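The values are calculated or read from the model by the stated rules, or taken from the named source; none is laboratory data. If you're wondering where the values come from, they're calculated on a predicted model, not measured in any experiment. Using ideal geometry, Cβ is built from the backbone for each residue, glycine included, and neighbour counts are taken over all protein chains shown. Remember, those area values only see protein heavy atoms, side chains included, never the ligands or the DNA or RNA. Shrake-Rupley method; radii C 1.70, N 1.55, O 1.52, S 1.80 Å.
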Amino acid sequence: MQIPMEYSLAAVFRAVGEPLSLERFPIPKLRGTEALVRVRCSTICGSDLHSYFGRRHSPVPSVLGHEMVGEIAAMGPGGVSDYQGNPLALNDRVTWSMVWSCGTCFYCKHKLQPKCERLMKFGHEEILPGRALVGGMAQHCWLPEGTAVLRVPDGVADRVASPANCATATVAAVLRNAGPITGRVVTVHGAGMLGQTACSMAAVGGALEVIAIEPDPLRRETALRFGATVAMDSNLPAERILACVRERSGGRGADIGLELAGYPESVELGLRLLRMGGRFVMAGATFPSRSVLLSAEQVVRHMLHIVGVYNYAPEDLEAALSFLAVAASRYPFEELVARTFSLEEVNAAIQYAESARPPRVALMP
């Protein structure tokens with residue numbers, strides 16, 4: 001389908017479970033330091049599926065997709081610079097923070113950019129006049145002034161770079177909140193895209209043991225290829241899992257637990273596996289579920305630290321890209337993207353992602 005250059009195609013989400021419709025939108029006239037990016041690759045995140053199938057609220061109509069990489073197609077009269085202030089040029093390959101924050105409100109000043117009082121999230125915004133192209137399931141994406149834009153390192157393929165501004169950056173934020181990782185025993189609960197990334201990031205960071213806990217046997221096998229030293233079935237009796245963790249930690253328990261699955265059972269198990277003074281970082285629980293059964297006495301007597309992480313700060317995306325520049329040749333990240341679809345095949349891509357449950361599926365507009 002040929003579209004004049006003044007227009008861009010986007011897949012529009014209008015109602016839960018209804019097929020996305022390919023629609024054309026005017027390319028906005030750029031002002032100041034705004035930019036227009038030609039999308040090279042957009043990967044489908046689990047939260048996209050949660051929105052599409054109604055497991056979480058998302059505004060409609062909207063253009064879904066927040067994991068993406070592209071190239072600068074146009075810039076406003078003020079030019080565009082990357083996060084470090086270096087000027088960008090046309091055709092530079094870039095990614096950008098999925099969270100736009102103002103930098104001046106109470107939460108931004110307290111380093112809680114994902115809770116900005118004027119927050120905008122790519123792939124999560126209702127289509128408004130003149131502001132439709134803010135999602136990855138499109139040919140182009142508009143970047144407002146103040147977007148944290150970063151160059152994609154050479155040698156990092158599009159399909160590897162695309163999840164960086166969600167999955168990889170979120171894991172970077174999780175590990176930043178976990179504290180020093182070198183020489184530590186780390187449990188990773190869930191071995192989807194976040195979990196596989198966490199295994200490799202912990203391994204590169206010098207963790208003594210990386211213990212992946214996951215029900216799916218194929219994901220457990222993959223985790224061993226991504227840096228896990230042990231991969232255990234989460235359906236095993238808790239006492240058996242606890243015995244393995246203690247065996248590999250000198251009888252103490254895990255120094256750090258990373259909860260990336262979002263299920264109450266993995267939270268409850270993860271807290272049991274910690275040593276005295278252990279640290280538990282949670283990032284998977286981004287959809288409704290039952291309440292967690294938590295022993296306050298256990299938290300107090302074991303002096304546990306529990307931290308919640310939601311999205312990330314721009315420096316975490318920078319850390320994610322630096323990690324991928326080193327690790328992309330060491331671990332098979334490109335294999336985590338099971339299949340590639342065209343933008344016109346977006347509905348087939350969503351159905352495949354939901355039914356086959358691979359870590360990621362890619363759209364190549």
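I need to check one value: relative contact order of the range 266-321, counting alpha carbon pairs closer than 8 Å and at least 6 residues apart, in percent. Present the calculation step by step, with values, prior to reporting the outcome.
Numbers: 42 pairs, mean separation 23.6, N = 56.
Once divided by the residue count of the range 266-321, the mean separation gives 42 percent.
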*Over what distance in Å are the Cα centres of the range 115-155 and the range 246-316 separated?*
32
*Give the accessible surface of the range 208-365 per residue, rounded to a whole number of Å², with probe radius 1.4 Å and ligands, DNA and RNA excluded.*
48
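As an exercise, identify the trypsin sites (Lys or Arg not before Pro) in the range 31-103 lying in DSSP coil whose Cβ has no more than 16 other Cβ atoms within 10 Å. It would help to have the intermediate numbers written out before the result.
On the way: sites: R31, R38, R40, R55, R56, R93; in loops: R31, R55, R56.
Listed in order of number, the matching sites are R31, R55, R56.
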*Of the accessible area of the chain, with the probe set at 1.4 angstrom, what percent is carbon plus sulfur?*
53
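How much mean residue ellipticity at 222 nm does the chain get from its helices, if each DSSP H run of length 4 or more adds -39500 (n - 2.57) and you divide by all residues, to the nearest 500 deg cm²/dmol?
Values: 11 runs with 98 residues, N = 365.
Rounded to the nearest 500, the figure is -7500 deg cm²/dmol.
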*asked:* For Y107, Y331, Y352, give me the order by solvent-accessible area with a 1.4 Å probe, most accessible first, ignoring ligands, DNA and RNA.
replied: Y107, Y352, Y331
*Anything in the chain that counts as a DSSP H helix reaching 18 Å or more along its axis (C-alpha) with Kyte-Doolittle mean of at least 0.0? List them, would you?*
314-327
